[in-house]
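Working notes, beginning with the structure itself.
The values are calculated or read from the model by the stated rules, or taken from the named source; none is laboratory data. These numbers were taken from a predicted model, which means no experiment stands behind them. FYI the Cβ positions are ideal-geometry reconstructions off the backbone, even for glycines, and counts take in every protein chain you see.
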Amino acid sequence: MSTLMQIYICALSVSAFLCLYRIGMGPTPPDRTVGIDILGTLVVGFCAFMSILTGKDFYMNIGISWALLSFVGTLALAKFLERRSLDE
Amino acid sequence: MSDTIAHILISIGVLFDLLGCVGLVRLPDVYNRLQAATKCVTLGTCMILIGVLVLVGFNALGIKAVICMVFVLLTSPTSAHALARGSHKAGVPLWPDSVTDKYKERKGAEK
Amino acid sequence: MKSTIQFIILFALWLLLTWSVQLADIIAGIVISILAVALMGDIFTGKMYRILNPIRLFWMVVYIPYLFLYIILANLDVAYRVINPAMPIRPGIVRFKTNLKSEIGKTFLANSITLTPGTLTVDIIGDEFFVHWINVRCDGDSEKQGEIIAGKFERILGRIFE
């Protein structure tokens, strides 16, 4: 694990903590949802780093599934915000 | 040589991720936060994935990184659009110093 | 015709994802692609084969680097606004009309607008786009705002999808 890799992972962790700040302190529900969406995209970056570090490609599969599932989850949350229900 | 290019790409990507999240914390309302966060984090993650492709070359991992990049590029603007529409319909106001709000006028005209 | 194209796309995606040419993997891929097309093929209503026209494909290839250039400009712009302590933002939601007719063209235009400098599509009603703009210019002149935001993409997308 090179020094550069450590720097990248530290920077991504700081970004994730900033997202967590927004999720925790967000004044309105949409703010929290934005934080969750962005955190989902950051996790794909973490998966890419994991696959470089271990040399195993199935971490990238996790990244692909994570991107798609986070997209579906965000759409459901947005629909919920819009109507306050999940009936359509 | 390709290692250097890959590390430059990954560094720029991580920097953009960080800037996007700083924007998420600093900017004043939901729509501005969506702007900063979606654009910067999408480009940042795509650059990290391109960096992975350059670092490992065209093998199973590199191809998966490209597919993942296409998915992120297609899905993230759509989810930003859905979130913006959802929060406007949920009644979240714009930042008080905003200039105009044509969407609210249009919705007011429909009622 | 439509099902064949869908099958080819899904099977190519399967081959890229598994990245192996063993017989068992290929048979599983064929079976799963046929199942997916049979069960969910009719969700896609558009005329997919029109995109295979060489002229449209050429403009598609032109469009992708063009879009990447504007994505990078967008990020430098937003990063500058975030770092600057004074935060020079002037947000607002503006409205403009597009002359693209097809649904898929509008979808691509909306996604491109979201990824380019300082703009975020909020809603599309008919042919009207509502766009959140981080730095509103030409206040009150809807035509000119539409030209600034979407003009550069509309011309190429019109050649691809109309």
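Below, the figures for the structure above:
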item	result
Of all residues making up region C:132-147, the number that are at pLDDT 70 or above and crowded, with 17+ Cβ neighbours inside 10 Å	4
Every residue from region A:1-30 that is at pLDDT below 85 and within 30 Å of B:Ala90 (Cα to Cα)	A:Met25, A:Gly26, A:Pro27, A:Thr28, A:Pro29, A:Pro30
Unique match (being in contact with a Phe, Trp or Tyr (Cβ under 7 Å, 6 or more places away or on another chain) and farther than 25 Å from A:Lys79 by Cβ) among B:Val54, B:Val14	B:Val14
Any hit, region B:24-39, residues being at pLDDT below 85, touching a Gly at 6+ places or on another chain (Cβ under 6 Å), within 7 Å of another protein chain (Cβ to nearest Cβ) and part of a helix (DSSP H, G or I)	yes
Meets criteria (buried (at least 21 other Cβ atoms within 10 Å of the Cβ) and at the interface with chain A (Cβ under 7 Å from one of its Cβ atoms)) for B:Ala82	yes
Of all residues making up region A:38-72, the number that are over 18 Å from B:His7 (Cβ atoms) and either of a type outside the set (Val, Ile, Thr) or surrounded by 22 or more Cβ atoms within 10 Å (Cβ to Cβ) (or both)	21
Filtered residues of region B:45-66 (kept if within 7 Å of another protein chain (Cβ to nearest Cβ) and either closer than 14 Å to A:Cys47 by Cα or buried (at least 23 other Cβ atoms within 10 Å of the Cβ) (or both))	B:Thr45, B:Ile48, B:Leu49, B:Val52, B:Leu61, B:Lys64, B:Ala65
Filter result (more than 19 Å from B:Ala36 (Cβ to Cβ), more than 7 Å from chain B (Cβ to nearest Cβ) and of a type outside the set (Val, Ile, Thr)) within region A:30-71	A:Phe46, A:Cys47, A:Phe49, A:Met50, A:Leu53, A:Gly55, A:Lys56, A:Phe58, A:Tyr59, A:Ser65, A:Trp66, A:Leu69
Pick from region B:1-18, criterion buried (at least 24 other Cβ atoms within 10 Å of the Cβ) and facing another protein chain (nearest Cβ under 7 Å), ranking: farthest from B:Pro93 (Cα to Cα)	B:Ile10
Unique residue being under 20 Å from A:Ile64 (Cβ atoms) and modelled with pLDDT under 85 when the list is C:Ser33, C:Ser20	C:Ser20
Helices (runs of 4 or more DSSP H) (entirely within chain A) containing at least 2 residues that are among the acidic types (Asp, Glu)	A:29-54
